[in-house]
1. Taking the options G46, G64, name whichever one is small (G, A, S) and either in contact with a Pro (Cβ under 8 Å, 6 or more places away or on another chain) or crowded, with 22+ Cβ neighbours inside 10 Å (or both).
2. Checking P284 against (1) modelled with pLDDT under 95; (2) of a type outside the set (V, I, T); (3) more than 23 Å from G95 (Cβ to Cβ): exactly one of these is not met. Which one?
3. Count, please, the residues in region 232-242 that happen to be surrounded by fewer than 22 Cβ atoms within 10 Å (Cβ to Cβ) and in contact with a Phe, Trp or Tyr (Cβ under 8 Å, 6 or more places away or on another chain).
4. If you go through region 196-209 one residue at a time, do you hit one that is of a type outside the set (A, V, I, L, M, F, W, C) and more than 15 Å from the chain's Cα centre (by Cα)?
5. Is it true that G229 is of a type in the set (G, A, S), in contact (Cβ under 8 Å) with a residue 12 or more places away in the chain and surrounded by fewer than 22 Cβ atoms within 10 Å (Cβ to Cβ)?
6. Quick check on region 96-103. Is at least one of its residues in the same structural domain as A307 (by TED's automatic domain parsing), over 15 Å from Q274 (Cβ atoms), touching a residue at least 12 places away in the same chain (Cβ under 8 Å) and surrounded by fewer than 22 Cβ atoms within 10 Å (Cβ to Cβ)?
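The values are calculated or read from the model by the stated rules, or taken from the named source; none is laboratory data. This is a predicted model, so every value here is computed, not measured. Every residue, glycine among them, receives a Cβ derived from its backbone with ideal geometry; neighbour counts consider all protein chains shown.
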Amino acid sequence: MNMEDYAIIYNPASAGGKSKKDFDYAVKCLNDLKVKYKLFESEYMGHMIELAHKLAKDGYSVIGAGGDGTCNEVFNGAITSNTGALCGFIPMGSGNDIPGAIGICPDIKRACEIIAEGHSSKFDIGLATTDDGVKRYFLGIGSQGFDAEVTRRANEGKKGPKNYAMTTVKTIFRWKIRDVKITMDNDIYEGRANCVAVGNGPSYGSGLYICSKARMNDGLFHIAVVDMGKLQLLREFKSMYSATVYPNSSVHDFESHKVKIEMKNPEDEIYYCQVDGEVLGKIPVNYENIKDGYEFIRPKIDEKAEAFKNEYGRYFYDPCE
């Protein structure tokens, strides 16, 4: 790969505006590795999509430096350019689940080394389309219900894991579970659901492995339908972080290539939906899995899965023992 063709797109608002030190360190690492690149800074919401789109058309491989929102915007700009430009990530946000989906750990130096190494491969991607006409590609998880509401409220407040956790607690005590209808390739679910997670990747919310059975190369979504009481939902957060939520009679799981999610009762207050931490609006929403949908710069092995194994003694996709 010609390393003069890298465009690093940086979001100064990542991690609540606290990523300046991380970005300076990333620049140092790239320079030490003799990676040749140009820097571009986003100035407003949606600007990274525009930048990535234009830079991909100009012949660059585009790298998103920031949190999951940055990664998603840069990826969407690259894919909609129709150029096939390589896309990569330097994780420096509060979540970093999107780089993690393709095996990149939240380690800035290592992420820069992965760029310098230049290894790449194709992964499945998801496409979400609302009935209001909003379309968005994603790498990780699309969800609707409780967690989408938490994301919506958290995005309106201060950024960071602490705010996300506080928003979760505040939201749950006001939350009212509702009935949904989920239409899949071979299944239909009609019933209660706090949230419905449509997983291309395995985790969201800074490492909540609600879709630990998801694979990035099988052309299918793993769908987790969570029907829990409020206190049980809070208790199960720990098991989601350790990927031990399965088996669980309160979590119904399915696999499907296409998924449609809507409210079962039209008179109910409508659930919001989000993908990769970006709120798209209210459901109904349709999801489609695109096998080998895009090519990303990645480590040769799934370093995120290896890091999880080092911490827990098993991979996150292993069945509970």
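1. G64
2. (1)
3. 3
4. For region 196-209, residues of a type outside the set (A, V, I, L, M, F, W, C) and more than 15 Å from the chain's Cα centre (by Cα): absent.
5. no
6. For region 96-103, residues in the same structural domain as A307 (by TED's automatic domain parsing), over 15 Å from Q274 (Cβ atoms), touching a residue at least 12 places away in the same chain (Cβ under 8 Å) and surrounded by fewer than 22 Cβ atoms within 10 Å (Cβ to Cβ): present.
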